[in-house]
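Take a look at the structure set out below.
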Amino acid sequence: MKQELKTVQFPVAGMSCQGCAHSIERMLVEVPGITHAEVHFGSRTATIQSEGEVDETLLLQALEREGFTAPQGIFGTREISADVEFQREQEAAEARQNTRDFGIAAASSVASLGAMYAGAPHLVGVLLVAPAVLWAGRNVSLEGLAAARRLRPDMNTLVSLGVWAAFLAGLAGLIWAEPLGPFAHHVHAAAMILAFVLLGRLLESRARATASDSVRKLLDLAPPTARLVGSDEETEVPLSQVMLDDQLRVRPGERIPVDGVILEGRSTIDESMVTGEPMPVERTVGDRVCAGTLNQYGVMTLRATGIGAHSSLGRIAAAVHEAQSSRLPVQRIVDRVAAVFVPAVLAIAIGAGVWWYQHEGLYPALFHAVAVLVIACPCALGLATPMAVVVASGRAAKEGLLIRGGETLERLADVDVIAFDKTGTLSEGKPQLTRIVAHRTGEDVSALLTRIASVERMSEQPLARAIVDAAIAKGLHTEPVTDFEARPGEGVQGTVQGHRLWIGSWNGAAGRGHDQAQMHKLAGPILAEQGTVSMVEENGRLAGALGFQDKLRGTSLPVVQELRELELEPILLSGDDFPVVERVAAALGIRNAQGRMQPSNKATTLHAMRDAGHITAMVGDGINDAPALAAADVGIAMGGGTDIALETADAALLHDNLDRLPVLVRLARKTMRKVKQNLWLAFGYNLVALPLAAGIAKEPLGIVISPHWAAAAMAASSLLVVLNSLGLRRTNLKD
């Protein structure tokens, strides 16, 4: 039997360009046990798949041999906070080193350039440049050499060749100046190239940290300590010591440390930092609260239900981290281009050097060859898509949206049909039991409701909660249930006081062989009121019908209208009866509405629409919606939905409100627009810059790009892609 693949994600430090990522990928798949590897330059992470055990020591040693590092415990149980802290420390160390090296290179550049214009001896210029090349640029040179040794030359290789060509020409000019001509006196270019490259690295790393700090901000929402409530006293303890079911106290103005259920007290909670919903919400005994939200006014006692990585905040942070490390399908095309980019640049540099040597001599040959090497920027290509995904994932979290990967963004941007479930999605999901129709005249309806509520108490469906609430309101007490069973889309069943009850949908009752004429007779009064119907079977016979009313959300109509303005076609796929579905569709202006649908029917409908050429999205909230969420091109779960719906979906609205849906669509479209802009910037820059550096416009237009200005252009191109992606942090998602 084939062994199941294990997927592990971990941070990798030491990457300076997309070529590093490709080299690490190739290196990782050579480690025994690893079958597939993806390394993401934008987020500085690696994702591997393995069969069986992988020797972690061997993996870490393979990385370290090539100048890269990863944290210990890759294959252990790691909290996402540990990975984030590792990246934070590595980025801080990298920033310190880049700042120091840039300072040395910049000082060396200014000094050597000043010496040249002051007419100082050539030896002085060489000595002033030496610290930049031998010290500040040592990592660039070592990384470039390592990449060349792996037969995967990268940006560092190109820059190193340019720097050392200028520096060695300067050294040679001390004893052999005449053949090199003026190029020997351009030794200052070596320091200037490094200064621009290192400045670009420094600015890029700071901008990249700004783009990827959303996970850190999410994790920082959880306070480091919690107030543990004991039998006699209240003790402040580290959050790591809190256990499930512990009782905690939260005072006004404090952040809630864990997911929990309120046992005592009531308060107003600001949930905007997790859900994106700006208005505070009232919470009281029995309500659930989320880690990281802010308690505004009252004192509350909670029972802990989710801690750390297992809290809603932890799951959101993990999903954002995973999304930032994902790869867009279009990136695969870019990767293929990037794989041949550096060899192509080397060929252009050699070709330009040979041509200029034949026509004008050694000086212009070296001048243009070095300019070509330095101006090329594979990093801009490597950053074009991942930086947009990193920023978009962070912006989504800020807006109360959860996106599981870059591929979701790409598909969602192209969606043209969006399907809705009704209950809990377009409606509030808080139906009320409005009518009970018993089959036998004179039957004790309260006794029947008691048995029905006893069974439904075991279910998590909205209609089940409505039945239980109605029984409680009548002062009825539920009884023990045995042999409980739930079948999504059909109904639930169980045995109460010797009675075998089944409660479920119209289709479920018909599937059990009940006469539809008799069903219509029972449900007639409910259907006349355009209510939702559930049928009740007791001991194999129809026992009655239940009627429910569920109000539409106040945001449903504006959202449907807004989606139409975005050129999306809304459709309604519901398990409710036709009259209810038709009433809702008419109220919302939805032309395509289908009722009495089982989960498999919803999935079949979406598959058929995909086969017809549509790109589909499905919005739902319950177990019944899971097959449809999986069948759609993009599954979108409501924040108040069940865990299985959230796990199945590609995206989620973290607040139980539809008004985030158009925001999600706009974010996806604007992200893909940024990706296309980045790709045009990256490809366009290289297509224009390389010929200019090679000297193609020297004779007709008099345009000449010197090696040090080539370095400045190269650094600027990468930074421009990052800054363009950062625009997603501020873009308007309302229109």
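Contact list please: Cβ distance under 7 Å, first residue in the range 30-42 and assigned to a strand (DSSP E or B), second residue of a type in the set (Lys, Arg) and surrounded by 15 or more Cβ atoms within 10 Å (Cβ to Cβ), pairs at least six apart or on different chains.
The qualifying pairs are Glu38/Arg327; His40/Arg327.
Could you count how many residues in the range 7-27 are closer than 21 Å to His321 by Cα, modelled with pLDDT of 85 or more and not in a loop (DSSP other than H, G, I, E, B)?
8
More than 24 Å from the chain's Cα centre (by Cα) and crowded, with 18+ Cβ neighbours inside 10 Å, is that true of Leu58?
Against the criterion (more than 24 Å from the chain's Cα centre (by Cα) and crowded, with 18+ Cβ neighbours inside 10 Å), Leu58 does not qualify.
Looking at Leu373, Leu366, Leu412 in this structure, which one is among the aliphatic types (A, V, I, L, M) and over 25 Å from Ala697 (Cα atoms)?
Values: Leu373 fails: over 25 Å from Ala697 (Cα atoms); Leu366 fails: over 25 Å from Ala697 (Cα atoms).
One residue alone meets the criteria, Leu412.
Sort through Gly314, Gly286, Gly265, Gly253 and tell me the only one that's touching a strand residue (DSSP E or B) at 6+ places or on another chain (Cβ under 8 Å) and buried (at least 21 other Cβ atoms within 10 Å of the Cβ). Let's see the steps before the verdict.
Working: Gly286 fails: buried (at least 21 other Cβ atoms within 10 Å of the Cβ); Gly265 fails: buried (at least 21 other Cβ atoms within 10 Å of the Cβ); Gly253 fails: buried (at least 21 other Cβ atoms within 10 Å of the Cβ).
Testing whether each residue is touching a strand residue (DSSP E or B) at 6+ places or on another chain (Cβ under 8 Å) and buried (at least 21 other Cβ atoms within 10 Å of the Cβ) leaves just Gly314.
Within the range 293-311, which residues are open to solvent by 20 Å² or more (accessible area, probe 1.4 Å) and assigned to a loop (DSSP other than H, G, I, E, B)?
Gln296, Tyr297, Val299, Ile307
Could you check how many residues of the range 336-360 are in contact (Cβ under 8 Å) with a residue 24 or more places away in the chain and either open to solvent by less than 20 Å² (accessible area, probe 1.4 Å) or of a type in the set (Ser, Thr, Tyr) (or both)?
6
Against the definition (touching a Leu at 6+ places or on another chain (Cβ under 9 Å), modelled with pLDDT of 85 or more, part of a helix (DSSP H, G or I) and open to solvent by less than 60 Å² (accessible area, probe 1.4 Å)), how does Leu228 come out, yes or no?
Details: touching a Leu at 6+ places or on another chain (Cβ under 9 Å): yes; modelled with pLDDT of 85 or more: yes; part of a helix (DSSP H, G or I): no; open to solvent by less than 60 Å² (accessible area, probe 1.4 Å): yes.
It is false that Leu228 is touching a Leu at 6+ places or on another chain (Cβ under 9 Å), modelled with pLDDT of 85 or more, part of a helix (DSSP H, G or I) and open to solvent by less than 60 Å² (accessible area, probe 1.4 Å).
Return the only residue of Glu456, Glu479 being acidic (Asp, Glu), within 19 Å of Asn539 (Cβ to Cβ) and open to solvent by 30 Å² or more (accessible area, probe 1.4 Å).
After ruling out the rest, the residue left standing is Glu479.
Within the range 92-115, can you find the residues that are surrounded by fewer than 18 Cβ atoms within 10 Å (Cβ to Cβ) and either under 14 Å from Arg201 (Cβ atoms) or among the β-branched types (Val, Ile, Thr) (or both)? So that I can check it myself, show each step before the final result.
As a first pass, look at the range 92-115 and keep what is surrounded by fewer than 18 Cβ atoms within 10 Å (Cβ to Cβ): 92-93, 95-97, 99-100, 103, 107, 110, 114.
Within the range 92-115, Ala93, Ala95, Arg96, Gln97, Thr99, Arg100, Gly103, Val110 qualify.
Considering only the range 419-428, state which residues are buried (at least 24 other Cβ atoms within 10 Å of the Cβ) and not aromatic (Phe, Trp, Tyr). Spell out the reasoning first.
Step one: of the range 419-428, the residues buried (at least 24 other Cβ atoms within 10 Å of the Cβ) are 419-426.
If the condition is that a residue be buried (at least 24 other Cβ atoms within 10 Å of the Cβ) and not aromatic (Phe, Trp, Tyr), then Ala419, Asp421, Lys422, Thr423, Gly424, Thr425, Leu426 are the ones that fit.
Among the listed residues Leu198, Leu218, Leu174, Leu161, identify the single one that is in contact (Cβ under 8 Å) with a residue 40 or more places away in the chain, open to solvent by 60 Å² or more (accessible area, probe 1.4 Å) and part of a helix (DSSP H, G or I).
Leu161
Considering only the range 235-249, I want to know if a residue exists there that is out of contact with any Lys or Arg (no Cβ under 9 Å at 6 or more places or on another chain), more than 19 Å from Thr293 (Cβ to Cβ), open to solvent by 40 Å² or more (accessible area, probe 1.4 Å) and free of Cβ contacts under 8 Å to residues at least 24 places away in the same chain.
Looking through the range 235-249, at least one residue is out of contact with any Lys or Arg (no Cβ under 9 Å at 6 or more places or on another chain), more than 19 Å from Thr293 (Cβ to Cβ), open to solvent by 40 Å² or more (accessible area, probe 1.4 Å) and free of Cβ contacts under 8 Å to residues at least 24 places away in the same chain.
Tally time: how many residues in the range 692-735 are in a helix (DSSP H, G or I) and open to solvent by less than 50 Å² (accessible area, probe 1.4 Å)?
Of all residues in the range 692-735, those in a helix (DSSP H, G or I) come to 692-693, 698-701, 707-729.
Add one more test, that the residue is open to solvent by less than 50 Å² (accessible area, probe 1.4 Å), and what stays is 692-693, 707-708, 710-715, 717-719, 721-722, 724-728.
Residues meeting the conditions: 20.
Kindly indicate the residue of the range 497-538 that is of a type in the set (D, E, K, R) and farther than 26 Å from His477 by Cβ and also surrounded by the fewest Cβ atoms within 10 Å (Cβ to Cβ) among those meeting that condition.
Of everything passing the filter in the range 497-538, Asp515 is surrounded by the fewest Cβ atoms within 10 Å (Cβ to Cβ).
Touching a helix residue (DSSP H, G or I) at 6+ places or on another chain (Cβ under 8 Å) and modelled with pLDDT of 90 or more: does that describe Thr671? If you could, list the steps in order and put the result at the bottom.
On the way: touching a helix residue (DSSP H, G or I) at 6+ places or on another chain (Cβ under 8 Å): yes; modelled with pLDDT of 90 or more: yes.
Yes; evaluated as a whole, the condition is true for this residue.
The values are calculated or read from the model by the stated rules, or taken from the named source; none is laboratory data. Small disclaimer: the values here were computed from a predicted structure and weren't measured. For neighbour counting, all protein chains shown are included, and Cβ atoms are generated from backbone atoms with ideal geometry for every residue, glycine included. Ligands, DNA and RNA are excluded from the accessible area calculation, which covers all protein heavy atoms including side chains. Shrake-Rupley method; radii C 1.70, N 1.55, O 1.52, S 1.80 Å.
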